[in-house]
1. What tally of residues in segment 435-487 results from selecting those that are out of contact with any Leu (no Cβ under 9 Å at 6 or more places or on another chain), part of a loop (DSSP other than H, G, I, E, B) and aromatic (Phe, Trp, Tyr)?
2. Among all residue pairs at least 6 apart or on different chains, which show Cβ distances below 9 Å where the first residue, located in segment 328-342, is part of a helix (DSSP H, G or I) and the second is open to solvent by 40 Å² or more (accessible area, probe 1.4 Å) and small (Gly, Ala, Ser)?
3. Has segment 262-284 got at least one residue that is touching a strand residue (DSSP E or B) at 6+ places or on another chain (Cβ under 7 Å) and modelled with pLDDT under 95?
4. Identify all residues within segment 162-179 that are in contact with a Pro (Cβ under 8 Å, 6 or more places away or on another chain) and free of Cβ contacts under 8 Å to residues at least 40 places away in the same chain; write none if there are none.
5. If a residue has to be of a type in the set (Val, Ile, Thr) and assigned to a loop (DSSP other than H, G, I, E, B) to count, how many in segment 245-293 make the cut?
6. Quick check, is Ala242 in contact (Cβ under 8 Å) with a residue 24 or more places away in the chain, in a helix (DSSP H, G or I), crowded, with 24+ Cβ neighbours inside 10 Å and hydrophobic (A, V, I, L, M, F, W, C)?
7. Within segment 404-417, is there a residue that is modelled with pLDDT under 95, surrounded by fewer than 24 Cβ atoms within 10 Å (Cβ to Cβ) and of a type in the set (S, T, N, Q)?
Amino acid sequence: MATKTATTLKNFVNGEWVTPSGELKEGVNPANTREVVSSFRQSTSEDVKQAIDTASETFQSWRNTPAPQRGDYLFKIAALMEEEKDDLAKTIVQEEGKTYNDAAKEVGYAAGIVKYYAGECRRLKGTLQEADMPNVQIETKPDPLGVVLVVTPWNFPMSIPAWKTAPAIASGNTVVLKPSSETPLTVMKFMDIVQRAGVPAGVVNQVTAPGKLVPEMVHHPAVKAVTFTGSNSVGKTIYEEAAKGMKRCLLEMGGKNPLIVMDDADVDQAVQLAVAGAYGQTGQACTATGRVIVHEKIAKEFTDKLVKRTQELKIGNGLEEGIDIGPQVNQSELQSTLDLIQSARDEGATILTGGKAPDTPETEHGYFVEPTVISGVKPSMTIAQQEVFGPVNNIIEVNDIDEAIAVANNVDYGLSSAICTKNLEYMNQALDEIEAGVIKVNLTTTGTFFQAPFGGYKQSSTGTFKELGSEALDFYCQYKTHYIKSK
């Protein structure tokens, strides 16, 4: 029997809460689907048009607001996020399913991002250059683009909206945010903070809308750029639609991220990295460890220790004490994980532990899958090529660093990667030759520092701009060049 404690959600447009006019939907707790978390109506074409028109009308006044003043609003947003960290984290757990510790880290990270771009508002600058003739000054000046369409996924419902919205408005743009319909409550709380921070009405607008409306949002004349994080299939559609209007587009999509464990590695450390990388966030991260590429000399020791550690993990509701792994976000994601595990069985790999949905009273009403270790995986297998997005460690054995890097690169993706080694030659070869936007040494494939640029190679990204760091501001700005003759 369903428990109705749902929060009724609305769109946030022009500083006000507006009820959209589309289909009524409900969001449930993925750890206990009997609990209804939110109730909301999907937006229609008219609803999203209103939000974009509002952002367009607000753009001129916001772009003329001095950048340090824009930064002051961001500092206020960050402070409120930090003050309300516990409530926000619990909302993420209830709506998305991750553990409380993971959710609390996400909120802290999101607040840090917002503070970082608040500081960047005092560092926005152009350049001065020497001219080829006397009495002429050349200068460049960053200008905002206009309305930016921000399309975000469910797996990081607080941090990804923050890391796109903060640099956008810091640069003087206005925003229309379309979050995933899986996690609208978290984003509504983010908008509530934006409102209470005093951000002028119309600068940040949010609509809960079905994905089918994104193409027409992209084509709205006022939308000058679109930034998206999510699946490759949706990203490619957005890229195609943006190209029709020659609109700026930034995509961050899937990954099949390798963790290379060399023969000289600290095995216990490597196991810890594999556990954190594949099982953290229930494996529902684009930077999650998708393959563990292990040197054959230590493969047995590594595998035995990984299986033992995996079997010690506790799955359940992320709000309960001692839980290591929460549920997947919905039935579709759960079934996708189970299907890929089955494909590994069918293609000759061995499931050493896990591999199915748990059968316990605590998990029977949730989208849970056991943390899984698979050995005997070959680079050509489906599970070695496709993103799993669930708590699965796939072990591929290799005989040297050259083979390890070749296997690491033998996928369509190139988002994140890591190598566990003490050998400087191995480390430097990996840093030089792995085809990925992020390469780590003796660290997990997951996790980023917001002051450093983030973005992938190959099918993981458009590769045109970076997210995070000061480099992210380049996407949200266009540069004018001024030639000034004084005499």
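1. Qualifying residue count, segment 435-487: 0.
2. Leu334/Ala357; Leu338/Ala357
3. No, that holds for no residue.
4. Of all residues in segment 162-179, those in contact with a Pro (Cβ under 8 Å, 6 or more places away or on another chain) come to 171-173, 177, 179.
Leu177, Pro179, listed by residue number.
5. To start, the set of residues in segment 245-293 that are of a type in the set (Val, Ile, Thr) comprises 260-261, 267, 271, 275, 282, 287, 289, 292-293.
Among the residues that remain, those that are also assigned to a loop (DSSP other than H, G, I, E, B) are: 287.
Looking only at that region, the number is 1.
6. Numbers: in contact (Cβ under 8 Å) with a residue 24 or more places away in the chain: yes; in a helix (DSSP H, G or I): yes; crowded, with 24+ Cβ neighbours inside 10 Å: no; hydrophobic (A, V, I, L, M, F, W, C): yes.
No, not satisfied.
7. No, the conditions are met nowhere in segment 404-417.
Residue by residue, here is whether (1) in contact with a Leu (Cβ under 9 Å, 6 or more places away or on another chain); (2) within 25 Å of Ser416 (Cβ to Cβ); (3) surrounded by 21 or more Cβ atoms within 10 Å (Cβ to Cβ); (4) not aromatic (Phe, Trp, Tyr) holds:
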site	(1), (2), (3), (4)
Arg309	no, yes, no, yes
Asp324	yes, yes, no, yes
Pro327	yes, yes, yes, yes
Phe368	yes, no, yes, no
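The values are calculated or read from the model by the stated rules, or taken from the named source; none is laboratory data. Quick caveat, the model's predicted, so the values are computed rather than measured. Neighbour counts run over all protein chains shown; Cβ positions are idealised from the backbone, glycine included. Ligands, DNA and RNA are stripped out before the accessible areas are found, and what is left, the full protein with its side chains, is counted by its heavy atoms. Shrake-Rupley method; radii C 1.70, N 1.55, O 1.52, S 1.80 Å.
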